[in-house]
Every structure is written in C-alpha cells, then in structure tokens.
Amino acid sequence: MIRKHTNYRWEGVDILQYKEDGSIFRDVTRQVLFENDWDLPCQWRYFEVGVGGYSTLEKHEHTHWVMIIRGKGTCLLGNDIREVGFGDAIRIPSWQWHQFKANRGESLGFLCLVSYERDKVTLPTESDIAQLKKNPEIKRFLEECGDG
Ligand code: MN
C-alpha cells in the first residue's frame, strides 16, 4: 500500500483534532499515517503547528521520536530550548517536558512515532511551570506569544 502525499496530506488519512483532553495548545492538526499495523505496535502521526501555534506542554512515561519535515520552529525539551528545522530527528525521553512552537514565521510539521500502548500525558501544575521558569530561556519561551 502506498499513501500518496500531496502538500502534507496523505491519501486516505483524515485531518483530526490534535487533542481532545482539554489541554492548552494552539493551531495544531493531527494525521495518523498508521497505527498498530501487523508487527509494528506503533502509531505514526504527522502533526502540523500553524504559524504562531504550539503543541501542549506535557510529559509522560512513553518516548517519542520526532522528525521535522516542514518548516522550522523551536522546541522545549527537558531543560533546553532548541531551534529545529527540516530533517532534524529528535528523541523525547521518558518524563521530559516537551513542547513545539511554530515561532519562526513558518508552519512546523513533524512526524512523531509512539508505541501504540502508552500512558496518558501529564500536564504541568503551576509549581511545575514555576520550576521551569527558573531557567530564563525557558521563561521567555513559555511567555512569548509565538507569532515571531
Ligand atoms: Mn508527548
């Protein structure tokens, strides 16, 4: 089977809401390219963050591998803020805070591989946010509007 690609849409794949858990995010879509296929108990998703948008700030036990395939942006990963762009491959380890922002004037699109069976995400409490903001770079990242 081949899912033909046109402009970041794949044949037979619906565009879904990013999340339905009430978490905080802006302008993110989700497409599921496959899930739990034969001997691959994984889900392979494409997320796209529109200009000025951002994914949920979260952590969880399960790991992600992410590959940027559209545009550029910035990610919070653990205690680091890193610029990311086309082709970059990013491992998000267990229990590390992570968030992606399309804050460099372009949409940010990325593939994200996860285990099909995985734990639910943990969202930050106010004290988690306060802890993260002790790092000035993270404070700036969390407080910027993201439209730059
Ligand atoms: Mn995650």
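Here is the figure for the range 56-76: residues that are touching a helix residue (DSSP H, G or I) at 6+ places or on another chain (Cβ under 9 Å) and among the polar types (S, T, N, Q) total 1.
Counting only residues that are at negative phi and either under 16 Å from the mean Cα position of the chain (by Cα) or aliphatic (A, V, I, L, M) (or both), the range 120-148 holds 11 of them. Restricting 35, 61, 11 to residues that are exposed (fewer than 15 other Cβ atoms within 10 Å of the Cβ) and under 30 Å from residue 127 (Cα atoms) narrows the list to 61. Check whether at least one residue in the range 7-15 is modelled with pLDDT of 95 or more and either among the basic types (Lys, Arg) or part of a strand (DSSP E or B) (or both), and report yes or no. Yes: one or more hits. Scanning the range 131-144 for residues that are within 18 Å of residue 56 (Cβ to Cβ) and either in a helix (DSSP H, G or I) or of a type in the set (A, V, I, L, M) (or both) yields 131, 132, 138, 141, 142, 143. Condition check: out of contact with any helix residue (DSSP H, G or I) (no Cβ under 9 Å at 6 or more places or on another chain), closer than 19 Å to residue 17 by Cβ and at pLDDT 95 or above. Does residue 94 satisfy that? It is false that residue 94 is out of contact with any helix residue (DSSP H, G or I) (no Cβ under 9 Å at 6 or more places or on another chain), closer than 19 Å to residue 17 by Cβ and at pLDDT 95 or above. When the range 81-103 is filtered for residues that are in contact (Cβ under 8 Å) with a residue 40 or more places away in the chain and either of a type outside the set (A, V, I, L, M) or not in a strand (DSSP E or B) (or both), the ones remaining, listed by number, are 97, 98, 99, 100, 101, 102, 103.
Looking at the structure I just gave you, is residue 59 among the charged types (D, E, K, R), at pLDDT 95 or above, closer than 23 Å to residue 137 by Cβ and within 16 Å of the ligand (Cβ to nearest atom)?
Yes: the conditions hold for residue 59.
Here residue 122 clears all of (1) more than 30 Å from residue 4 (Cβ to Cβ); (2) away from the ligand (no atom under 16 Å from the Cβ); (3) among the hydroxyl-bearing types (Ser, Thr, Tyr) except the condition numbered (2).
Yes or no: the range 68-86 includes at least one residue that is farther than 23 Å from residue 144 by Cα, modelled with pLDDT of 95 or more and charged (D, E, K, R).
To start, the set of residues in the range 68-86 that are farther than 23 Å from residue 144 by Cα comprises 69.
Restricting the remaining residues to those that are modelled with pLDDT of 95 or more gives 69.
Remaining after also requiring charged (D, E, K, R): none.
Checked the range 68-86: no residue is farther than 23 Å from residue 144 by Cα, modelled with pLDDT of 95 or more and charged (D, E, K, R).
The values are calculated or read from the model by the stated rules, or taken from the named source; none is laboratory data. What you see is a predicted model, and the numbers here were worked out from it, not measured in a lab. Neighbour counts run over all protein chains shown; Cβ positions are idealised from the backbone, glycine included.
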